[in-house]
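Here is the structure we will look at.
The values are calculated or read from the model by the stated rules, or taken from the named source; none is laboratory data. Model, not experiment: these values are computed from the prediction. All Cβ positions, glycine included, derive from the backbone under ideal geometry; neighbour counts span all protein chains shown.
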Amino acid sequence: MSSPFRARAVGMRLFPGEGRGPAVRPVPLGPGLRRGTTLLALLLALPACDREQRDMAGQPKAETKSFVTSGDPRSAEYENNAFHIAQGQKWYGWFNCSGCHFHGGGGMGPPLMDEQWIYGGRMEDIVASILYGRPNGMPDWHDKITEQQAWELAAYVKSLSAQPRQDALSARADEMSNSEPQTLQGRKKVVPENMAPPGSEDR
Amino acid sequence: MADRHGAHFLAAILAALLLSFAGFAAPLAAQQNGARPASSASPAEDGQWTMPSKDYASTRYSGLNQVDRANVGRLKLAFTFDTHNRKGHEAAPLVVGNMMYLTTPYPNHIWALDLAKGGRPVWVFRPHPQPASQGVACCDVVNRGAVYSNGRLFFTTLDGMVYAIDARSGRQIWGTKLGDISRGETITMSPLVAEGKVLVGNSGGEMGVRGWLVALDAGSGRIAWKAFSTGPDKDVLIGPRFKPWYASDRGTDLGVHTWPPEQWKIGGGTVWGWISYDPKLKMIYYGTGNPGPWNPQQRPGDNKWTTGVFARDIATGEARWFYQSSPHDLFDHDDINEQVLLDMPVNGRMTPVLVRPGRNGYMYVIDRRTGQVYSADAFGFINSMDGVDLATGRLRMVKDKEPKEGRVTRNICPTASGVKDWNPSAFSPRTGLLYVPHENLCMDEGVFEANYISGTPYVGAEVKMYAGPGGHRGVFTAWDPVRRKAVWEFNENLPLWSGALATGGDLVFYGTMDGWFKALDAVTGKQLWARKLDSGIISQPVTYRGPDGRQYVAVVTGVGGWMGAIVSAQLDPRDPTAALGAVNAMKDLPGLTQPGGKLYVFTLPR
Amino acid sequence: MIRRVALLPLLAAPAGCGGLQTIGGREGRDAAIINDLFTIFCIVTALFFVAVMAFLFAAYWRRKGHRRDGMPDPLEVPARTGALRIALAVWTGAVVAGLVGLALASYFTDRSLAYPNPGNRPVVSIELIGNQWWWDVRYHFQDPSKNFRTANELHLPAGSPAMVYLKANDVIHSFWVPNLAGKQDLIPGRVNDIVLLPTKVGHYRGQCAEYCGLQHAHMALDVIVDSPQDFARWMESQSRPATTPATPRQIAGYDFFMNRQCSSCHAVAGTRAGAGVGPDLTHLMSRKTIAAGTLPNGTGPLHAWIADPQGVKPGTNMPYIGLNADELHNVVAYLESLK
């Protein structure tokens, strides 16, 4: 009986006419080898699935007005996606976020690279801050950028404190040397307790 | 035996009389260099402090000499007052009669304290500025102080309002809106009030704002005139009486032609610093801020009329002369520092000049009638500029320190906040020296194309600051403006961001960013007294004669401002570019001090 | 049958020799010089090719002896004659002469290319910045108040040299207008330059020649060579600020432009919109194409582009905004007023 994993020769002469004997017909793969190849292909395909899925037209599927319910389904699409984080990195410089928040350290605006989130650290909280502004100086951008750009920015902002998966984080900055790349930073867990209760800041 | 006791008794009375006499003492003999404040701009000492600069000549000098070099070591705390505001406090307390007036950072409250009742608050004025203004203030939500004139207090708020309130009751008399925060404009400066006019300038050179200076009528609050810092001559109030000394400042509509098209409309030149006034010549003197954006490649041309000094008629605002300290500024060297009006010997002749410690590190001595620069000597370490050519007035730049897109230019000295930023110096007519609190910082800068979106930053630069040669970040210099050199210098670990105070007791006072309030010997520079206060000091110390006739020295703590933002705004030290590079230079500050906001008043024990 | 069909593509070959984007073009000084070198190489190598082929056929035709398998008989020794020796010497000499000739031609061509402005004539100064996937074109003058900015279109005066400074904002691009000159890269962090000296008035097409991402193929540049008078007229019109909107639709479109997403990225000189990350739209209607040569300029393509840029050019940095029909018509009406 043939073992399922015994490889059968598949050969074709490279130069017909050279040497002796008739040309050998190609032999099909046996069932064992076919199964093994399929398994291997599946294993290889899995990790590459969602790292860089691109949805260019990015039409938000729902009204982004209510942020009371947690677990907005769009978070999953944007939060650990390398393409969206990279796009967010580009918008961060283009739309002058870096002018107030610099590269996470803050300045005119508060730092974005630490664990403290004045108005909430979930994706939908950050998107709300960006799109609708906040009382103490954060401008509202809902007329000046698109919803997808806001979600991409939120994904990038989360990456400033190394929240997303390692393989989605941007490994280098586009500007002169600043902080260590987020891929080298330890991941900070954001829990609701890390949100400063309203009014506790002297703002 | 009775005679001896009697003699001692007499001596004691005489001593007591002399000690309690707080008046104008005779000038010191040997060190006088002939420099004295412009007489019309510097009235006799009255024991009050009615404007942050003390007088129109901006001497910040008080003739009170009860506290002197011999007894300053015994200064003790008289009372304190907590403003309960924890942002950077830059304002000078005002003292008028028995009342003291404090101005806080946003939300810009004005407190009136009764000095006869131990500093008890009498009233507080709350102007309720728009909270969104906090988001367009580049360098902490500071305010540099109110001004008292004719029974009223005049001050500005972060969201672009100017108020006049009654000094006795705290009631608002008028409020005029001048700035538009949706365009990125704020106001932080201390106005100048003279000849019935309130002079106010805007802030926002990092936000693509077009700079201006406005004169309001002190009685009604209506705009009397408005002079822009860029644009056509009719906007800048340049007319037939404008006679700049140097050829490169002469021409028509230079405020348009030295810019790419449209760029002057978002070009900066804001007026957020100090104004001096000469009542004899009836001219005001002030400097304009940096051109925007910081990236110089986006604005080829000289960028008039930014980073320069204007002299204007106070009545009409007409420009009389202009000198551009940094044409086509490369390093954010706002020229808004104080100008001290002095009459002093220049080349042997007594000349009316203004002396300004420039942001770019040169001590300018300029004829205040004509704008001619007599001297410009470096008072700090500079490697990005090579002196001022006095024939043409032009600053010589070092080519390879010019920030260019696509590369990082390293080790540029001085840094963007210059050898000296807004914090004002003081002049003592007794020693003839200018006491300059300043910095020793250098920077790396990389520039890129800035994207203009109204109401958002328009900078185009990444900066990382650090200590200059020597490792000390602050310096307190005693400068002789006639002999054009430093007489003594006192190095500090941290940059100096507080103002200086000079007194008739031959003392100079200033505060450090980690909270040390110090008195130095004005002649020798020796530290005579120091007290650690609850928070870093970036405000302007004052001294006054209290209701009981004794001399008091007052200072407000509350670290912040551009250099102190890492503490007042709790920034993250892991990002060296934060706060436009200041965070890198001040990474240790959170370990040395904490946010605060308290008035401390000191006096001698009875 | 198969052999004949294989010859069909040859019919298309001459298409590469003419037109507005062709390496066969000679309308610029550099292109003409390179073309001449190409011609010399072609002729010399063709001659040698013909000679070699001739010798090969001669050798086959004159082969001595046969074997059953057609291979030469090793016992047959070819006659050694003096003629053969002379022929060898001549051939060697010809090859050497040919190679030296080619080397000299190459050297002189390089030399000509390296000195693009021998008469030191005043130049037009242009800064060309490559972005993904469009060209930012800035004209610089001694007097900075005359500078202006446009996008995806270059105008040059015939007969005058133009110094083009090449920069890139993101990745490496390459500037290539084959009718005028060779390629020159745009490298981030570096300023390259190329001198263009067009000799013939006309409209040519340039292309990004270094793969720069998803839409590299849609990063074209229109290069229009004008007569000096036309060029002066064009420059003058480009320096003017934008026309103010007149009709209600245009005004509505202007309001949308200033208050919504458009002004976050695009600039229109003379208005509040001063953003520099997207193409300058001040004189949009003076250009022949939009989206860097992706679509011709006109009402229909403008509607299509603004309604769904991602559908036209997926991955482009202009986002899908989602305007309704009214907003779309207003914005296009305003843009069409920007002549």
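Which numbered condition trips up B:I314, out of (1) surrounded by fewer than 21 Cβ atoms within 10 Å (Cβ to Cβ); (2) in contact (Cβ under 8 Å) with a residue 24 or more places away in the chain; (3) among the β-branched types (V, I, T)?
Exception for B:I314: condition (1).
When you scan segment B:108-134, how many residues do you find that are within 11 Å of chain A (Cβ to nearest Cβ) and in contact (Cβ under 8 Å) with a residue 40 or more places away in the chain?
So the answer is 3.
Right, C:S160: surrounded by fewer than 20 Cβ atoms within 10 Å (Cβ to Cβ), in a loop (DSSP other than H, G, I, E, B) and more than 14 Å from chain B (Cβ to nearest Cβ) or not?
yes
Take A:A23 and decide whether it is assigned to a loop (DSSP other than H, G, I, E, B), small (G, A, S), under 30 Å from C:R260 (Cα atoms) and at pLDDT below 75. Step through it out loud before you land on a result.
Details: assigned to a loop (DSSP other than H, G, I, E, B): yes; small (G, A, S): yes; under 30 Å from C:R260 (Cα atoms): no; at pLDDT below 75: yes.
Judged against the criteria, A:A23 is not a match.
Are there helices (runs of 4 or more DSSP H) fully within segment B:511-606 with at least 1 residues that are touching a residue at least 12 places away in the same chain (Cβ under 8 Å) and among the aromatic types (F, W, Y)? List them.
By residue number, B:561-568.
Has segment B:19-27 got any residue that is farther than 26 Å from B:Q527 by Cβ, touching an Asp or Glu at 6+ places or on another chain (Cβ under 7 Å) and either modelled with pLDDT of 95 or more or part of a helix (DSSP H, G or I) (or both)?
no
Specify the residue that is nearest to C:F38 (Cα to Cα); the eligible residues are those in segment C:102-152 that are within 14 Å of chain B (Cβ to nearest Cβ), among the charged types (D, E, K, R) and out of contact with any helix residue (DSSP H, G or I) (no Cβ under 8 Å at 6 or more places or on another chain).
Top of the filtered list is C:E127.
Quickly run through segment B:208-254 and pick out the residues that are assigned to a loop (DSSP other than H, G, I, E, B), touching a residue at least 40 places away in the same chain (Cβ under 8 Å) and of a type in the set (S, T, N, Q).
Scanning segment B:208-254 gives B:S220, B:S229, B:T230.
Of all residues in segment C:280-313 being of a type in the set (S, T, N, Q) and in a helix (DSSP H, G or I), which is nearest to the other protein chains (Cβ to nearest Cβ)?
From segment C:280-313, those of a type in the set (S, T, N, Q) are C:282, C:286, C:289, C:294, C:297, C:299, C:310; that's our starting set.
Then drop every residue that is not in a helix (DSSP H, G or I), which leaves C:286, C:299, C:310.
Numbers: C:S286: 17, C:T299: 23, C:Q310: 4 Å.
Out of the qualifying residues, it is C:Q310.
(1) within 10 Å of chain B (Cβ to nearest Cβ); (2) at pLDDT below 95: which one isn't true of A:S159, the others all being true?
(1)
Consider B:R574 carefully, then state whether it is away from chain A (no Cβ under 12 Å) and modelled with pLDDT under 95.
Judged against the criteria, B:R574 is not a match.
Test B:A582 against the stated conditions and say whether it is within 14 Å of chain A (Cβ to nearest Cβ) and under 19 Å from B:D444 (Cα atoms).
Working: within 14 Å of chain A (Cβ to nearest Cβ): yes; under 19 Å from B:D444 (Cα atoms): yes.
Against the criterion (within 14 Å of chain A (Cβ to nearest Cβ) and under 19 Å from B:D444 (Cα atoms)), B:A582 qualifies.
Only residues that are buried (at least 24 other Cβ atoms within 10 Å of the Cβ) and not polar (S, T, N, Q): list them for segment B:194-209, please.
B:V198, B:L199, B:V200, B:G201, B:G204, B:G205, B:E206, B:M207, B:G208, B:V209
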